[in-house]
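One structure below.
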């Protein structure tokens, strides 16, 4: 399994870890411009393949007649990878940045 | 939360449903269209709604193209059996072309005068055997992928 985390994947995991369950547009809004609407769903799809996040369809009652949204949440593995990545980044940061 | 889904959105979805695998349709197309439904509902007038729709569909095309590369496992699994069949067709075509070329060569009058045993009879025999094998789906050279698929179908 690929344990590497890109900057965008780390940001998505941080946002999902803070707020538990969000859909793509909410993630874009919460990132204050750091996530792009054109790529967020592709990144989420790739993260789901890697086992970092999981999704479920939004309940039908709240969607009306439109396309069904998917709500994303981090998996236990995703949270572990995020924590490990944060620790590693802290350890490898230059002395002045600590 | 996505609101009312109008005919424009339904039409766009129908087009993408024809070309995208289910996983990409559900995870990329539907999510982008749900965003587009919200954007269209927020648009004040028809002109702005049209511009929002054009922008949303353009963004969706980009996302689908990107997802075809990034999530290629999703659609390649569906296309793999077709690719194997196409490869087998190409192999058969090549083989039968070679056999036909050999038969034409052997049946030329100059060649037949030189030989006691008519090789064209032998080639016709081989050709008949290969055609019979193809009809009964018994590939004489037993390529590994074909043997695996036959075992799979027997289960």
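Every number in this text was worked out from the coordinates using simple rules, so none of it is lab data. Computed from a prediction, not measured in an experiment: that's the story for all the values here. Backbone-built Cβ (ideal geometry, glycine too); neighbour counts: all protein chains shown.
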Next on the checklist: At a 10 Å Cβ-Cβ cut-off, how would you order A:89, A:55, B:67, A:31, fewest neighbours first?
Outcome noted: A:89, A:31, A:55, B:67
Next on the checklist: With n ≥ 4 as the cut-off for DSSP H runs, can you work out [θ] at 222 nm for chain A, using -39500 (n - 2.57) per run divided by the number of residues, rounded to the nearest 500?
Outcome noted: -16000 deg cm²/dmol
Checklist entry - For residue B:58 and residue B:42 in one chain, what is 0.36 nm times their gap in residues minus the Cα-Cα distance, to one decimal in nm? => result 3.9 nm
Checklist entry - Assuming R0 = 30 Å, what is the FRET efficiency of residue B:7 and residue A:68, from their Cβ-Cβ distance, to the nearest 0.05? => result 0.95
Checklist entry - Ranked by Cβ crowding within 10 angstrom, fewest neighbours first, how are B:8, A:43, B:50 ordered? => result B:50, B:8, A:43
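Write down the Kirkwood hydrodynamic radius of chain A, to one decimal in angstroms, obtained as one divided by the mean of 1/r over all alpha carbon pairs.
Working: mean 1/r = 0.0696 Å⁻¹.
When all Cα pairs of chain A are included, the Kirkwood radius is 14.4 Å.
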Checklist entry - Comparing A:21, A:86, A:54, which has the greatest mean-square fluctuation in the GNM of chain A with Cα pairs linked when under 10 Å apart? => result A:86
Checklist entry - Relative to the first principal axis of the alpha-carbon coordinates of chain A, what is the inclination of helix A:76-92, with its axis defined by its Cα atoms, in degrees from 0 to 90 and to the nearest 10? => result 30 degrees
Item to check | Cα→Cβ-extended label distance, 7 Å offset, between residue B:127 and residue A:34, nm | outcome: 7.1 nm
Checklist entry - How large is log10 I(q)/I(0) at q = 0.13, 0.19, 0.32 Å⁻¹ when the Debye formula is applied to the Cα atoms of the stretch B:1-55, each weighted equally and without solvent? => result -0.31, -0.64, -1.31
